[in-house]
Amino acid sequence: MDKAFLVVDDSAAIRQLVTLAVKGSGYDVVTASGPKEALSLLSSRKFDLVITDLNMPETDGIEFIRMLRGMTDYKFTPIIMLTTEVQDAKKREGRAAGASGWIVKPFSAEQILDVVRRFLA
Amino acid sequence: MSDDLNDGFDLNVLREMFKAEAYELVAELESALLALDQSPQDKDLIGRVFRALHTIKGSGGACGFEDISNFAHEVEAVYDAIRNDQLAVTKEIINATLAARDQITALFNRHYNLGDAQDDATEQVAVQLRRFLPAGYVGKSKKPKPAPPVVVVPEVRMQATYRIRFRPAHNIFQLGTDPGRVLEELRGLGSCKIVAQLNEIPGLDGLEAEQCYVYWDIILTTDRGLDAIKDVFIFVEDVSEVKIEQFDVDALLSGGEEAQRLGDILVERGDLRPEDIKGLNVGQKKIGEVLVEKGLVQHDQVETALTEQQHVRELRRERQKTEEMSSIRVASPKLDKLVDLVGELVTVQARLSQASLIANDGTFISIAEEVERLTAELRDNTMSIRMLPIGTIFNKFKRVARDLSQNLGKAVELVMEGTETELDKTVIEKLHDPLVHLIRNCIDHGIEMPGDRVAAGKPRHGTIHLSAVHSGAHVLITISDDGGGMNTDSIRKKALEKELITPEDSLSEKELFSLVLLPGFSTASQVTDVSGRGVGMDVVKQAIDALRGTIDIESTRGAGTTITLSLPLTLAIIDGFLTKIGGGYFVFPLSLVDECVELKASEERSASGRTLLPVRGELVPYILLRDRFAVEGARPPIEQVVIVKVDALRVGFVVDHIVGGHQTVIKSLGKMYKGVEGLSGATILGDGSVALILDVPKLVQGVEREETGIA
Amino acid sequence: MNIKQHRNGDREIISVSGAATVAEAASLKQVLLSAFQQAGEVELTFEAIGDADLTVLQLLCSAHRSAADHGKKLVVKGLDQEPLVRLIGQMGFTRHVGCRETTRTTCFWLCKQGAH
């Protein structure tokens with residue numbers, strides 16, 4: 001079975017970019033426009049990796065990471081945050097919430113795959 | 001990027017998809033701004049403006065709209081400052097941001113071919129916005145990093161070996177990271193050995209099963225460079241201890257066949273103090289076990305050291321294999337035979353050329369010329385087979401330097417240059433001992449103790465430069481240190497003690513330095529077990545003489561010493577200077593010949609068997625080679641004196657005639673001449689006759705002995 | 001992870017199958033801990049192991065040391081399964097000698113003689 005990962009971002013462009021980037025690489029990608037939609041998807045299946053934006057209107061990405069880590073199924077799952085620049089404070093905050101890694105926007109398709117492969121064999 | 005990705009990923013598709021969202025974002029920005037204008041304190045509204053800009057920046061950048069991404073970044077900076085209470089919302093800021101929104105729209109229009117945008121207008125707005133930022137505001141001043149180019153030009157890197165310590169955070173699993181993946185990535189970089197350190201795993205009572213108590217020692221040989229290794233740790237380095245250090249495996253690989261000893265590895269890794277293994281009685285047991293029993297090292301450290309030992313062993317085997325694949329091993333005698341044959345061919349070719357000229361036949365001459373060209377090429381090629389890079393012995397010196405400086409408590413760095421310089425194999429082999437001696441001398445006598453160096457305003461670390469460079473038919477090898485330099489006073493004192501000079505002798509600095517090359521001269525006031533065994537520089541000198549090389553010493557008190565060895569590229573062929581005495585030919589190495597003067601019977605003056613020739617006011621001692629080698633026949637009325645210069649000493653040799661320069665292929669002497677002192681070999685001339693090659697340094701020594709014997 | 005247990009005299013026999021990762025580590029630890037509280041000898045058998053990670057190796061080390069310290073015995077079977085063999089190598093657990101006098105020759109990670 002293909003490894004599946006979930007992308008959470010309020011920007012449709014980012015969601016599309018990620019989807020296009022991993023197309024054909026053997027991963028199954030599901031997208032959500034925000035944490036609320038994401039949480040409903042999580043109940044239907046177990047994802048092997050979650051990529052989430054930090055700046056989202058409904059729920060802050062960092063709060064979302066914290067919620068995930070509180071769930072038994074996602075206690076040890078890789079969670080990657082999308083940040084816009086190398087902002088140490090934000091990164092540390094995400095890290096404290098339990099993020100596994102980060103991707104700095106803007107990013108290329110290659111960079112996404114590179115990071116995903118680090119966490120999913 | 002792989003091909004299937006290229007097929008699937010088209011930026012234009014993404015841009016089209018982003019189009020609707022782009023204009024929505026601009027509209028959202030505008031409505032948020034207008035609302036903010038009404039209630040400038042509203043944090044939620046400030047957040048909305050910020051997020052809109054943020055998304056425009058991020059998604060615009062993802063679509064490759066760099067101008068928009070950069071511009072949005074400038075605007076975003078202002079709202080970041082506002083968000084952080086470093087700036088208050090004013091009418092001017094709102095107006096400027098609305099202008100910025102119009103520019104963003106224009107830029108989107110341009111990208112989607114819906115209109116045009118003025119770049120200078122964009123810049124004006126950006127400048128205006130920047131003015132709002134508090135002085136020295138740095139929060140967001142950095143421009144977003146552009147995505148690195150996808151095509152990376154592969155760089156040719158040298159293979160290097162690293163020791164890596166990786167100690168992840170206890171809660172690494174709770175951060176969604178399996179340390180095993182990090183290890184796998186390291187394995188992907190090259191030849192890698194990983195030793196888990198298990199000593200911190202608690203018993204079952206104290207174990208939190210989801211925490212990580214293990215850390216790792218890793219030995220990695222890779223040509224990917226340090227950055228590639230650091231990259232592996234990018235998502236764990238902030239929560240882990242990661243130590244990467246390169247270690248000099250070349251010194252180990254060239255240090256003989258036997259594996260490095262376990263104790264040495266532990267010392268070198270810093271797990272054990274050198275004094276801990278001194279005098280350690282191991283008996284039948286393995287050293288690792290004894291050290292663990294004594295509590296000197298931990299079990300895991302021994303495991304790591306054993307693994308490192310094995311790694312180095314494997315590297316050596318691998319290196320040998322690649323060397324074997326890219327070259328053919330040939331027994332040295334076969335090569336010597338080839339050189340011999342080429343030598344004979346050169347000789348025959350000379351005869352052929354001579355014969356063709358005498359016959360004065362056009363066809364014959366052109367054939368002879370062709371043979372001459374081919375022979376020269378064959379000779380150069382054959383000689384080059386015997387050439388080896390001098391690095392093959394230089395590398396061994398690293399170990400010598402390290403061990404000795406450790407023993408003496410000195411800090412020394414050995415820097416090598418020109419390791420690719422090629423020299424005849426025989427020369428290289430014979431150079432090993434003299435060079436070891438010179439390097440030991442540098443460390444023992446040259447480089448000062450670290451404390452003294454610091455007191456003298458020098459870096460703690462002494463540096464020894466070892467370099468090789470081609471210079472014509474010679475190779476210059478320089479060993480220079482930044483140590484204390486040579487003390488002319490103590491050299492003079494010592495030379496007087498040893499009666500090498502008299503108190504009246506006034507010697508130049510250079511002449512004083514060259515005294516240390518004399519037999520039995522050793523200035524170390526205290527005989528160390530390193531370089532002061534009474535056999536000193538004279539041994540070096542003898543070895544270099546045997547290679548027909550020369551030694552030059554320069555030294556500045558307090559600043560260091562430089563010793564330059566000049567060596568012929570090969571021992572098999574020399575540029576000779578051919579002379580004739582009676583019916584016999586004698587060859588001088590051309591490099592030693594200084595000048596030639598005539599000697600008339602009437603000028604000769606002999607006082608108590610000592611012969612001196614005035615040359616421009618200088619009295620040059622000379623010897624009659626006719627007498628020296630008992631050549632029959634009478635001396636001609638006008639003879640030639642070949643004056644050679646060996647280590648600043650000029651000596652004349654009297655011969656009958658001078659024939660001139662001659663490419664000389666050296667052949668070893670037949671039984672007849674074995675044991676005749678003063679000859680180093682023979683060569684065959686174009687007409688088939690044999691010429692003897694003079695061992696000039698030996699002959700000069702003879703003259704020196706006679707001189708000092710009389711004085 | 002599927003855990004089955006039964007008792008044979010002073011020996012507690014545990015067999016484990018399925019995943020042996022960090023998600024299962026805490027419960028496996030509890031099983032081992034209580035087994036040692038009740039029995040002098042524990043036999044742990046791995047059967048048809050799927051995913052496995054560092055935590056299971058770490059747990060075995062910990063249990064082995066505790067057993068040795070309390071004069072009890074831990075026997076582990078099924079470590080020769082492919083996923084576990086690979087894991088032991090990947091994690092760099094392979095040893096030349098056991099870490100304690102008591103585990104010199106019984107250490108689970110000893111490299112097989114002749115394997116090198």
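The values are calculated or read from the model by the stated rules, or taken from the named source; none is laboratory data. Everything quoted here is computed from the prediction, not taken from an experiment. Glycine also receives a Cβ, built like all others from the backbone with ideal geometry; neighbour counts cover every protein chain displayed.
The set of residues in the stretch B:547-563 that are modelled with pLDDT of 80 or more and crowded, with 16+ Cβ neighbours inside 10 Å comprises B:L547, B:G549, B:T550, B:I551, B:D552, B:I553, B:E554, B:S555, B:G560, B:T561, B:T562, B:I563.
Restricting the search to helices (runs of 4 or more DSSP H) fully inside the stretch B:141-257 and requiring at least 1 residues that are closer than 30 Å to C:S66 by Cα, of a type outside the set (G, A, S) and modelled with pLDDT under 95 gives B:179-187.
All of B:V282, B:V297, B:V236 fail the test of being away from chain C (no Cβ under 12 Å), surrounded by fewer than 18 Cβ atoms within 10 Å (Cβ to Cβ) and of a type in the set (V, I, T), apart from B:V282. Number of residues in the stretch B:82-94 that are surrounded by 17 or more Cβ atoms within 10 Å (Cβ to Cβ) and within 16 Å of B:V127 (Cβ to Cβ) equals 1. Hey, among A:G101, A:G70, which residue is at the interface with chain B (Cβ under 7 Å from one of its Cβ atoms) and not basic (K, R)? Criteria check complete, one pass: A:G101. C:E43 falls short on exactly one of the conditions (1) surrounded by 21 or more Cβ atoms within 10 Å (Cβ to Cβ); (2) among the acidic types (D, E); (3) outside any helix (DSSP H, G or I), and that condition is (1). Within the stretch B:423-443, can one find any residue that is over 19 Å from B:L547 (Cβ atoms) and either surrounded by fewer than 18 Cβ atoms within 10 Å (Cβ to Cβ) or of a type in the set (D, E) (or both)? No, the stretch B:423-443 contains no residue that is over 19 Å from B:L547 (Cβ atoms) and either surrounded by fewer than 18 Cβ atoms within 10 Å (Cβ to Cβ) or of a type in the set (D, E) (or both).
Note on the stretch A:1-41: residues that are at pLDDT 90 or above and assigned to a helix (DSSP H, G or I) total 7.
Restricting A:R95, A:R117 to those that are surrounded by fewer than 24 Cβ atoms within 10 Å (Cβ to Cβ) and within 7 Å of chain B (Cβ to nearest Cβ) reduces the list to A:R95.
Annotation note: Cβ proximity below 8 Å between a residue of the stretch B:336-355 that is free of Cβ contacts under 8 Å to residues at least 40 places away in the same chain and a residue that is of a type in the set (S, T, Y) (sequence gap 6+ or interchain) occurs for B:L345/B:T375; B:Q349/B:T375. Screening the stretch B:564-579 for residues that are touching a Phe, Trp or Tyr at 6+ places or on another chain (Cβ under 9 Å) and modelled with pLDDT under 90 and picking the one that is farthest from B:E632 (Cα to Cα) gives B:G576.
The set of residues in the stretch C:87-115 that are surrounded by 17 or more Cβ atoms within 10 Å (Cβ to Cβ), of a type in the set (S, T, N, Q) and in a loop (DSSP other than H, G, I, E, B) contains only C:T94.
Any residue that is closer than 30 Å to C:T21 by Cβ and within 28 Å of the chain's Cα centre (by Cα) - is there at least one of those in the stretch B:249-269? No, because not a single residue in the stretch B:249-269 is closer than 30 Å to C:T21 by Cβ and within 28 Å of the chain's Cα centre (by Cα).
Using the structure shown, decide if B:V89 is more than 14 Å from chain A (Cβ to nearest Cβ) and in contact with an Asp or Glu (Cβ under 9 Å, 6 or more places away or on another chain). Spelling it out, B:V89 is indeed more than 14 Å from chain A (Cβ to nearest Cβ) and in contact with an Asp or Glu (Cβ under 9 Å, 6 or more places away or on another chain). For the stretch A:11-24, the set of residues classified as more than 7 Å from chain B (Cβ to nearest Cβ) and in contact (Cβ under 8 Å) with a residue 40 or more places away in the chain consists of A:V18, A:V22, listed by residue number. Just one of the listed residues (B:I358, B:I393, B:I367) is under 30 Å from B:V267 (Cβ atoms), assigned to a helix (DSSP H, G or I) and at pLDDT 80 or above, namely B:I393. In the stretch C:86-111, the residues that are within 21 Å of B:K294 (Cβ to Cβ) reach residues that are at pLDDT 80 or above and surrounded by fewer than 18 Cβ atoms within 10 Å (Cβ to Cβ) with C-beta atoms within less than 6 angstrom, at least six apart or across chains, in these pairs: C:R95/C:L110. When B:I464, B:I477 are checked against the criterion of being within 30 Å of B:D575 (Cβ to Cβ) and touching a residue at least 60 places away in the same chain (Cβ under 8 Å), a single residue qualifies: B:I477. Which members of the stretch C:13-33 meet the condition of being farther than 11 Å from C:T45 by Cα, in contact (Cβ under 8 Å) with a residue 12 or more places away in the chain and either within 14 Å of chain B (Cβ to nearest Cβ) or not in a strand (DSSP E or B) (or both)? Across the stretch C:13-33, the qualifying residues are C:A19, C:A20, C:T21, C:V22, C:E24, C:A25, C:S27, C:L28, C:K29, C:V31, C:L32.
Of all the numbered requirements in (1) more than 10 Å from chain B (Cβ to nearest Cβ); (2) surrounded by fewer than 20 Cβ atoms within 10 Å (Cβ to Cβ), A:F5 misses one, and that requirement is (2). What do you reckon, is A:K90 in contact (Cβ under 8 Å) with a residue 60 or more places away in the chain and either surrounded by 18 or more Cβ atoms within 10 Å (Cβ to Cβ) or over 29 Å from C:E24 (Cβ atoms) (or both)? Spelling it out, it is not the case that A:K90 is in contact (Cβ under 8 Å) with a residue 60 or more places away in the chain and either surrounded by 18 or more Cβ atoms within 10 Å (Cβ to Cβ) or over 29 Å from C:E24 (Cβ atoms) (or both).
Which residues, counting only those in the stretch A:81-101, are part of a strand (DSSP E or B) and modelled with pLDDT of 90 or more? Passing the criteria: A:M81, A:G101.
Out of C:L84, C:L74, C:L59, one residue alone is among the hydrophobic types (A, V, I, L, M, F, W, C), at the interface with chain B (Cβ under 9 Å from one of its Cβ atoms) and not in a loop (DSSP other than H, G, I, E, B). It is C:L59. Among the numbered conditions (1) more than 7 Å from chain B (Cβ to nearest Cβ); (2) of a type in the set (D, E); (3) closer than 24 Å to B:R187 by Cβ, the only one that C:D53 does not meet is (1). Filtered by the rule that a residue be touching a Lys or Arg at 6+ places or on another chain (Cβ under 7 Å), more than 7 Å from every other protein chain (Cβ to nearest Cβ) and small (G, A, S), the stretch B:171-212 gives a lone residue, B:G190. So which residues in the stretch B:485-508 are under 13 Å from B:S555 (Cβ atoms), in contact (Cβ under 8 Å) with a residue 24 or more places away in the chain and either within 33 Å of the chain's Cα centre (by Cα) or loosely packed, with under 14 Cβ neighbours inside 10 Å (or both), if there are any at all? Result: B:G485, B:M486, B:N487, B:T488, B:S490.
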